[in-house]
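What follows is a set of notes on a single structure, which appears directly below.
The values are calculated or read from the model by the stated rules, or taken from the named source; none is laboratory data. Note that the coordinates shown come from a computational prediction; the quantities given were computed from them, not determined experimentally. We place every Cβ from the backbone using ideal geometry, glycine too, and count neighbours over all the protein chains shown. These area figures cover heavy atoms from the full protein model, side chains too; ligands, DNA and RNA do not enter into them. Shrake-Rupley method; radii C 1.70, N 1.55, O 1.52, S 1.80 Å.
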Amino acid sequence: MVIGVLGLTVGLALGGVVLLAALGFVLQRTVDTEAFRTADAVALLAAEDALPDPLPVAGGQVRVQVVDEQGRIRAASIDADRLVPMVRPERLDRDRRQRLEVPAERVGLAGPVRVVAVPAGTAADPLTVLVARSLADVRHSTHVVRTILLVAFPLLVAVLAAVAWRVVGATLRPVEALRRGAEEITGRAGPGQLPVPASGDEIHRLAVTLNGMLDRLESGRVRQRAFVSDAAHELRSPLTNIRTELEVAQRLADRTDWTVVTANLLADTDRLSRLVDDLLLLARLDEAPPARGTGPVELGALLAEVAARYPSPPVRVAVPPGPLWTTGNADELRRVLANLVDNAVRHAYGSVVLTAEAAPRTVGPYHLVTVTDDGPGIPAADRDRVFDRFTRLDDGRARDDGGAGLGLAIVRELVRRAGGSITLTDAEEQHGLRVCLLLPASAVEKVPETVLDAP
């Protein structure tokens, strides 16, 4: 605020100086113009050899003399000196027009005096017309303006400073309210909202944007806490089982069936390893940018490869009539289909069908891959929620059979990285669940030899 007022003061001061200089320059040029006009009129009379005596001049602040080459006065106005020229002869240039300043007492006028000299006469009898005008009015006008500026300048600065103080204060008051609100939110380290001014200006929009950012940060913090809590809970379960098995085996000593204990420990260890691997994969997917365009993948061959890991019933593949190519990472797409088929096999009553076909033109340049089972399906209200991490819909999906609830979350992230989308719908006649994958289509003429490497 102080810097702004100082800058305004300096600007006004410079403006006042420029105004005074411009005013003095304009007034002095006006005096010179009028003096040259008078001198030109007298020079015209001298050229016609019709100089009256005395010379007719209007105004009491003007003196006119016509002097010859020897400095003798040939004609003069009624108030001008007829013996002594206003300008010494050695200062005159007979060949050009001049502007000169002379002492006031030499002319008999008040204040500084401006004299203009104009060549006149003929080559045989060269003359010079001297016209003197007082600059007293010019100096008086500039003095009056300077006095007004010196008196009005402090008052103007004070008024502008007061107005700026009120305006800036009113403008920054909502900013101070935002700062206090942010300080309160920081102090209590919890959710909160910044006050939103009702002005509807830039500060209002800033407050709305900041509140949206705070909401997103709070949502992220809640999801992070839930993720850490769920991960700790999921990791604790196999660790507890392992500890219990070892404590029981230690207590029973020679009566322990180590074959059974070893099998149980290996099962819990395998489950723990899968959980850790899934958590690490999700962490990498959250941090790494989408890796698209890694290579062409033929969907029909990929479906056949994934289905070969399961017995023919219940998993069947409807082979597409021609090759369907997509662009992506073959390992990631294989993981997507494997997770979906695992879920379908786990919940199907007896049939899982994999299909791939070109998507309708209204959808765009995509291929449609479906995984359909005849199981109990998923209620429509839960079809978005099942993609959240650590989500299990009911007790029937136990940890041993249904996993930790990370499979579909991994599927969604990998599909997004491939540039596609995934949706859940009812199977035909609402018998089971159909998972629909839309993957970007890619035209490839030749099948690369390393498109589908074995996992």
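Identify all residues within the stretch 122-131 that are of a type in the set (A, V, I, L, M) and over 12 Å from GLU34 (Cβ atoms); write none if there are none.
Residues satisfying the conditions are ALA123, ALA124, LEU127, VAL129, LEU130.
How many residues are out of contact with any Pro (no Cβ under 6 Å at 6 or more places or on another chain), within 23 Å of VAL317 (Cα to Cα) and of a type in the set (Val, Ile, Thr) when one looks only at the stretch 335-393?
Residues that pass the stated criteria total 10.
In the set ALA35, ALA39, which member is modelled with pLDDT of 85 or more, aliphatic (A, V, I, L, M) and either in a strand (DSSP E or B) or closer than 19 Å to THR122 by Cα (or both)?
ALA39
Quick one: which of LEU55, LEU12 is within 30 Å of VAL167 (Cα to Cα) and touching a helix residue (DSSP H, G or I) at 6+ places or on another chain (Cβ under 9 Å)?
LEU12
Being of a type outside the set (A, V, I, L, M) and under 18 Å from ALA136 (Cα atoms) narrows it down to one residue among GLU48, GLU101, GLU69; which is it?
Exactly one of GLU48, GLU101, GLU69 is of a type outside the set (A, V, I, L, M) and under 18 Å from ALA136 (Cα atoms), namely GLU101.
Do the conditions hold for VAL64, that is, is it of a type in the set (A, V, I, L, M, F, W, C), under 19 Å from VAL113 (Cα atoms), open to solvent by less than 50 Å² (accessible area, probe 1.4 Å) and in a strand (DSSP E or B)?
Considered against the rule, which asks whether it is of a type in the set (A, V, I, L, M, F, W, C), under 19 Å from VAL113 (Cα atoms), open to solvent by less than 50 Å² (accessible area, probe 1.4 Å) and in a strand (DSSP E or B), VAL64 comes out as yes.
Looking only at residues that are more than 13 Å from LEU239 (Cβ to Cβ) and of a type in the set (Gly, Ala, Ser) in the stretch 256-278, which one is modelled with the highest pLDDT?
ALA263
Would you be able to tell me the number of residues in the stretch 422-438 that are under 48 Å from the mean Cα position of the chain (by Cα) and among the small types (Gly, Ala, Ser)?
1
Only one residue in ARG94, ARG99, ARG37, ARG82 is surrounded by fewer than 17 Cβ atoms within 10 Å (Cβ to Cβ) and under 30 Å from GLY16 (Cα atoms). Which one?
The conditions single out ARG99.
Going by what's in this entry, would GLU48 be described as over 30 Å from ALA162 (Cβ atoms) and in contact (Cβ under 8 Å) with a residue 60 or more places away in the chain?
No.
Regarding VAL261, is this residue buried (at least 19 other Cβ atoms within 10 Å of the Cβ) and without any contact (Cβ under 8 Å) to a residue 60 or more places away in the chain?
no
Filtering the stretch 308-332 down to residues that are closer than 14 Å to LEU354 by Cα and outside any loop (DSSP other than H, G, I, E, B), which residue is most open to solvent (accessible area, probe 1.4 Å)?
ARG316
Does ARG251 satisfy the condition of being surrounded by fewer than 11 Cβ atoms within 10 Å (Cβ to Cβ) and at pLDDT 80 or above?
So ARG251 fits the description; yes.
Within the stretch 206-247, can you find the residues that are touching a residue at least 12 places away in the same chain (Cβ under 8 Å) and of a type in the set (Val, Ile, Thr)?
VAL208, ILE242
Mind listing whichever residues of the stretch 289-308 are charged (D, E, K, R) and at pLDDT below 90?
Hit for the stretch 289-308 is ARG292, nothing else.
Just checking, which of LEU337, LEU281 is open to solvent by 20 Å² or more (accessible area, probe 1.4 Å), out of contact with any Phe, Trp or Tyr (no Cβ under 8 Å at 6 or more places or on another chain) and closer than 28 Å to GLU234 by Cβ?
LEU281
Given the conditions (1) within 29 Å of ALA409 (Cα to Cα); (2) open to solvent by 70 Å² or more (accessible area, probe 1.4 Å), and given that LEU206 satisfies all but one, which numbered condition is not satisfied?
With respect to (1) within 29 Å of ALA409 (Cα to Cα); (2) open to solvent by 70 Å² or more (accessible area, probe 1.4 Å), LEU206 is out only on (1).
Condition check: open to solvent by less than 40 Å² (accessible area, probe 1.4 Å), of a type outside the set (Gly, Ala, Ser) and more than 25 Å from HIS140 (Cα to Cα). Does VAL5 satisfy that?
Considered against the rule, which asks whether it is open to solvent by less than 40 Å² (accessible area, probe 1.4 Å), of a type outside the set (Gly, Ala, Ser) and more than 25 Å from HIS140 (Cα to Cα), VAL5 comes out as yes.
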